[in-house]
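The values are calculated or read from the model by the stated rules, or taken from the named source; none is laboratory data. Remember, predicted model here, so these are calculated numbers, not experimental data. All Cβ positions, glycine included, derive from the backbone under ideal geometry; neighbour counts span all protein chains shown.
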Amino acid sequence: MTKADEKDIPDHDLLFAGFPCQPFSLIGQMQGFRDIRGTLFFDIARIMKHKKPKFFVLENVKQLVGHDGGKTLKTILKTLEKDLGYSVKFAVLNALDYGLPQKRERVIIVGCREPSRFSFPSPVRPFKPLSEVLEKKADPKYYASEYIAKKRKEAHRSDYALSVWHENKAGHICSYPYSCALRAGASYNYLLVNGERRLTPREMFRLQGFPDSYKIVVTDGQARKQAGNAVPVNLAKAVILKLLPLMVNSE
């Protein structure tokens, strides 16, 4: 991105970008623009200034809203509104509300070159059950030993017949009828199906809304990173579907 020449990028009506979230996330120590990855937003702005797309959608972690007392988001909005001339709206949306059993809250920033009546999509109900994304038979390599599974179940009793358990570094466990947010990097967060096994790569991609036709051709570790870095498909689709009528009318 930093080396991309904006003149080489094809013209486009809609720009969708998810600049690196690590500089603004809790796990990334919230370094913001002090982290070189945080400055990639300005490369996106550079491309937008040259290509002038009619619409854009930007995605980041919800911590962006409060980072540096709100100054980081204020800088981003000023760049988009004052410097680039867009009409901008933002909201914190949760993938859980758009047909995915994963609590993944993200800041979505939408911009239009002309003033518009854009509104963010309403939540979808009922929630999608975990049973629709979990594999019926997972490879034995994802299972914990009987001893470890037994110890976990002695330490925690879930209120749900089917749940994803979240175990932190201290060994504290909580469980929900959905998954906590997938992580790209190695961390002390473990997501466990009923306390018995890890999520499989296919399940991780399903939690992000990828169809089973999506081929996983990398190692488990690489797949976990890819899934953790992805934008939830259903959430992105819901936002873009709200933009489409405006795009058609702008022709």
Failed criterion for MET204 (all others in (1) surrounded by 18 or more Cβ atoms within 10 Å (Cβ to Cβ); (2) within 17 Å of the chain's Cα centre (by Cα); (3) of a type outside the set (D, E, K, R); (4) more than 19 Å from ASN94 (Cβ to Cβ) hold):
(4)
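Condition first: within 15 Å of ASP97 (Cα to Cα) and either aromatic (Phe, Trp, Tyr) or out of contact with any Ser or Thr (no Cβ under 8 Å at 6 or more places or on another chain) (or both). Now tell me which residues in segment 207-249 satisfy that. Break it down into steps so the answer makes sense when it comes.
Filtering segment 207-249 for residues within 15 Å of ASP97 (Cα to Cα) gives 207-209, 231-239.
Those that are within 15 Å of ASP97 (Cα to Cα) and either aromatic (Phe, Trp, Tyr) or out of contact with any Ser or Thr (no Cβ under 8 Å at 6 or more places or on another chain) (or both): GLN208, GLY209, VAL231, PRO232, VAL233, ASN234, LEU235, ALA236, LYS237, ALA238, VAL239.
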Applying the selection to segment 103-116, what residues are part of a loop (DSSP other than H, G, I, E, B) and either under 20 Å from LYS78 (Cα atoms) or among the hydroxyl-bearing types (Ser, Thr, Tyr) (or both)?
ARG113, GLU114, PRO115, SER116
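Collect the residues in segment 53-87 that are basic (Lys, Arg) and either within 16 Å of PRO115 (Cβ to Cβ) or modelled with pLDDT under 90 (or both), keeping them in residue-number order. Reasoning before the result, please.
Going through segment 53-87, the residues basic (Lys, Arg) turn out to be 54, 62, 71, 74, 78, 82.
Result: LYS54, LYS71, LYS74, LYS82.
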Test for VAL107: is it outside the structural domain of ASN194 (by TED's automatic domain parsing), of a type in the set (Val, Ile, Thr) and surrounded by fewer than 17 Cβ atoms within 10 Å (Cβ to Cβ)
no
What are the pairs with Cβ atoms under 6 angstrom where one residue, in segment 114-128, is at pLDDT 90 or above and the other, located anywhere, is surrounded by 10 or more Cβ atoms within 10 Å (Cβ to Cβ) and not aliphatic (A, V, I, L, M)? Sequence gap at least six, or different chains.
PRO121/LYS242; PRO123/ASP97; VAL124/TYR98; VAL124/GLY99; LYS128/GLY99; LYS128/PRO101
